[in-house]
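*Asks:* To start, I am sharing the structure in question, which I have written as structure tokens.
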Amino acid sequence: MEAIQKYAPFFVSALLMGVLLHFIYPHYQYYIDPDGTAYLTISQRYANGDYLKAINGYWSPWSCWLTAMLIKTGIAAIPASVIINTTGAIGFLYISQSFFRHFGIVQRLQWLLCITLAFFLCFAVFWQSFDDLWECFFLLSALRLMLFGGFKNKPVFWVIYGMIGALAYFAKAYSFPFFILSTLCCTWFISKGSQVQWLKISLVSIGVMILCSLPWIIALHHKYDIWTTSTAGALNTSWYLIGHPYWKNGIDLLIPPTYANSPYYWEDPYFANGITPHFWNSFSLFGLQILRIGYNAWKLLKSMLQLSVLFPLVFIDLASVFVPALQRSKKIEKDSSHDLFIVGISFFLFLSGYLLVNFESRYIWYLLPLGMVVGGLAIQNVKGDFPGNFLIVILPLTFLIYPANCMKTMYDQGANEYKIATQLKQLNIQGTFTGSAKPGIEIQRMERLAYFSGNQFYSHTKQEASHQDLLQEMRRYHVNYYFALKSSTDSNFVDEQGNPFPEITNGGINGLKVYVVNVP
């Protein structure tokens, strides 16, 4: 009973989140971004027993495994993924309140922060339907375990900690290097400078993590014939450095789907990618990487502002604790802010890896409850009732500005594509297609159409290609259909002699024309 009272903010907020998700689900269920189509396809492959194709070095497996389990019980892929992501969100909410309690956040502020997180997580569940929330839950759980008073001297905690690290890696591959680096740095200070104890904790924790991860790493090696923890790191760092992928030999204008039943190539971009230049390959690329880091610093500021307009102040406030404590690290065990210092190490290390690649606000959701702790402690030190009470209300609200704006944009997105896909099935339009679509929303519409309809989308490597070049590529791959969205400027799609291809919907699908180029 006492535990229920202590965690009442969590229980009430989790219930609130569940009720809200139930009511908003019909309007957000079809909001599926390109990553979502890949994850859903992989989940279905696991459920179907198509394991070789399901094993994927670019997309992390944890959410796919759990979603596949629900699919096998008869639940459709999309609601199954939402249920699994909601479960991750509940874990995120629980571990967040655990941090609030650990750092002595007053009960009134705990309530406000937990309710705020409930609203925020309603957005997060649909905004990124796989991996991020689970990664945050596992990494935050590992950090919370590290802050237990007996962690330093209890090997069983080190083993559990390492197992949680492996789960975080399965949830998102970024966790693999971060967990190792964070463990090495944080446990140095937790062990209070004892090198022997630090080595024991690190070797056991990291060893358990790698041992638990090894079957998956071996599976990746079996499929790709390389030793890697993920193909995402090499691809993403190269793409963001150069600004675009280099496609493998043989790919010109159209990119074929990964497998014969893939929605499009994004299910596993590794097989479409060619060379992957990195900053160590030349001095010019090294200079470009320095510029990229500067640009990513700006993206970090933007991402923090999307979390909360006050988050940059949280960053500065935590740095004001972290830097002086680091300077007197040999005496850190005597400092009352020791645990906050450990949080600071994890906070700043988590950001370091993304500086080489890119920042989006979802990448740093791990920092959200930690930032709330820092902000809450700062507010509790404000003198005067009025300013303190004012900030207690304002701080939680600032975390909902960006999610509210995104929820407005996401409302009923994808529902039209689902409707069109249903009509395509009714007209027996099945096969492969390409189309003229602008980068951004239109490309996402094509990708959703491919997933919802069961067709295969041949996406473009460039938008400025001539009509004849496109037609030649369609002949080369025997692409069946050309999809023209209502927003497209193409009045008709014509053959090599200028004669229009047959349009087979006869105006029956609002917003889409379908031309038969190569009969299925």
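The values are calculated or read from the model by the stated rules, or taken from the named source; none is laboratory data. Remember, predicted model here, so these are calculated numbers, not experimental data. Ideal geometry is used to build each Cβ from the backbone, glycine not excepted, and the neighbour counts take in all protein chains shown. For the accessible areas, the whole protein counts, side chains as well, though only heavy atoms, and no ligand, DNA or RNA atoms are used. Shrake-Rupley method; radii C 1.70, N 1.55, O 1.52, S 1.80 Å.
*Asks:* Any idea of the accessible area per residue across the range 163-235, 1.4 Å probe, to the nearest Å²?
*Replies:* Working: 3110 Å² over 73 residues.
Ligands and nucleic acids excluded, the figure is 43 Å² per residue.
*Asks:* Evaluate Rg over Rh across the range 231-296, taking Cα atoms for both radii and Kirkwood's formula for Rh.
*Replies:* Numbers: Rg = 13.7 Å, Rh = 13.0 Å.
Value, to two decimals: 1.05.
*Asks:* I've got another one for you. Using the Cα centre of the chain as origin and beta-carbon charges of +1 (Lys, Arg) and -1 (Asp, Glu), tell me which of Val204, Phe283, Trp216 is placed farthest towards the positive end of the dipole.
*Replies:* Val204
*Asks:* Compute the angle between helix 195-224 and the longest alpha-carbon principal axis of the chain, please, reported from 0 to 90 degrees and rounded to the nearest 10.
*Replies:* That helix lies at roughly 10 degrees to the long axis.
*Asks:* Tilt of helix 155-171 relative to the longest C-alpha principal axis of the chain, in degrees (0 to 90, nearest 10)?
*Replies:* It is inclined by approximately 20 degrees.
*Asks:* If you don't mind, another one. What full-extension length gain, to one decimal in nm, is calculated for Leu184 and Gln426 as 0.36 nm per residue of separation minus the Cα-Cα distance?
*Replies:* Going from the current span to full extension adds 81.3 nm.
*Asks:* Principal axis lengths of the range 32-144 from Cα atoms, whole Å, largest first?
*Replies:* 50, 25, 24
*Asks:* Kindly give Rg over Rh for the range 32-93, based on alpha-carbon atoms, with the Kirkwood expression for the hydrodynamic radius.
*Replies:* Radius of gyration relative to Kirkwood radius: 0.96.
*Asks:* To make sure I understand the rule: partners must be lysines, Cα under 18 Å from the Cα of Lys200, and not fewer than 8 residues away in the same chain. Which ones qualify?
*Replies:* Within reach: Lys152, Lys154, Lys192.
*Asks:* I would also like to ask the following. What nm value, rounded to one decimal, do you get for the distance between Thr461 and Phe148 when each label is placed 7 Å out toward the C-beta?
*Replies:* 5.3
*Asks:* May I pose another question? Straight distance only, please: which aspartates and glutamates reach the Cα of Lys72 with their own Cα at less than 14 Å, same-chain residues fewer than 8 apart left out?
*Replies:* Cross-link targets: Asp50.
*Asks:* Also: In terms of modelled amide H atoms, which long-range or inter-chain residues lie less than 5 Å from the amide H of Thr432?
*Replies:* Here Gln456, Asn480, Tyr481 satisfy the definition.
*Asks:* Additional query: Of Lys172/Lys302; Lys6/Lys408; Lys425/Lys462; Lys172/Lys425, which sit over 26 Å apart, Cα to Cα? Can you show the working numbers first?
*Replies:* On the way: Lys172/Lys302 23 Å; Lys6/Lys408 34 Å; Lys425/Lys462 29 Å; Lys172/Lys425 35 Å.
Violating the 26 Å limit, Cα to Cα: Lys6/Lys408; Lys425/Lys462; Lys172/Lys425.
*Asks:* What is the distance in Å between the Cα centres of the range 435-504 and the range 1-78?
*Replies:* 32
*Asks:* Using the 2.2 N^0.38 Å rule of thumb for compact globular proteins, work out how the range 106-211 stacks up: its C-alpha Rg over that value, please. Before the final figure, lay out each step's value.
*Replies:* On the way: Rg = 15.7 Å, N = 106, 2.2 N^0.38 = 12.9 Å.
Taking the Cα Rg and dividing by 2.2 N^0.38 Å, one obtains 1.21.
*Asks:* What angle, in degrees between 0 and 90 and rounded to the nearest 10, separates the Cα long axis of helix 175-190 from the longest principal axis of the Cα atoms of the chain?
*Replies:* Orientation of helix 175-190: about 10 degrees from the principal axis.
*Asks:* Over 16 Å, how big is the tail of the calculated P(r) for the range 137-181, in percent of all Cα pairs?
*Replies:* Working: 303 of 990 pairs.
Every Cα pair in the range 137-181 considered, those over 16 Å come to 31 percent.
*Asks:* Which whole-number value in Å³ per residue fits the convex hull of the alpha carbons of the range 172-283? Write out the running numbers ahead of the final one.
*Replies:* Values: hull volume 17.2 nm³, N = 112.
Dividing the Cα hull volume of the range 172-283 by its residues yields 153 Å³.
*Asks:* May I ask for the net charge around Thr505, where only other residues with Cβ less than 14 Å from the Cβ of Thr505 are counted and Lys, Arg are +1 while Asp, Glu are -1? Present the calculation step by step, with values, prior to reporting the outcome.
*Replies:* Details: positive: Lys419, Lys425, Lys486, Lys513; negative: Glu503.
Charge balance in the 14 Å sphere: +3.
*Asks:* I would also like to ask the following. How much of the calculated P(r) for the chain lies past 32 Å, in percent of all Cα pairs?
*Replies:* Here the long-distance tail beyond 32 Å is 48 percent of all Cα pairs in the chain.
*Asks:* List, largest first, the extents of the alpha carbons of the range 329-460 along their principal axes, each in whole Å.
*Replies:* Over the range 329-460, Cα extents along the principal axes are 72, 39, 22 Å.
*Asks:* Report, in deg cm²/dmol and to the nearest 500, the calculated mean residue ellipticity at 222 nm for the chain, where each DSSP H run with n ≥ 4 adds -39500 (n - 2.57) and the sum is divided by the residue count. Don't jump to the answer; show the numbers that get you there.
*Replies:* Working: 21 runs with 325 residues, N = 520.
Estimated from H runs of four or more residues: -20500 deg cm²/dmol.
*Asks:* Subtracting the Cα-Cα distance from 0.36 nm times the residue separation, let me have the gained length for Phe390 to Asp412 in nm, one decimal.
*Replies:* Working: separation 22, 0.36 × 22 = 7.92 nm, distance 3.55 nm.
That pair, Phe390 and Asp412, stretches by 4.4 nm at full extension.
*Asks:* Another question, then. Asp495 versus His27, label points 7 Å from Cα toward the beta carbon: distance in nm?
*Replies:* 4.8
*Asks:* Note down the Stokes-Einstein diffusion coefficient of the range 351-412 in µm²/s, whole number, using a Kirkwood radius over alpha carbon pairs, 4 °C, and 1.567 mPa s.
*Replies:* Values: Rh = 13.9 Å.
The estimated diffusion coefficient comes to 93 µm²/s.
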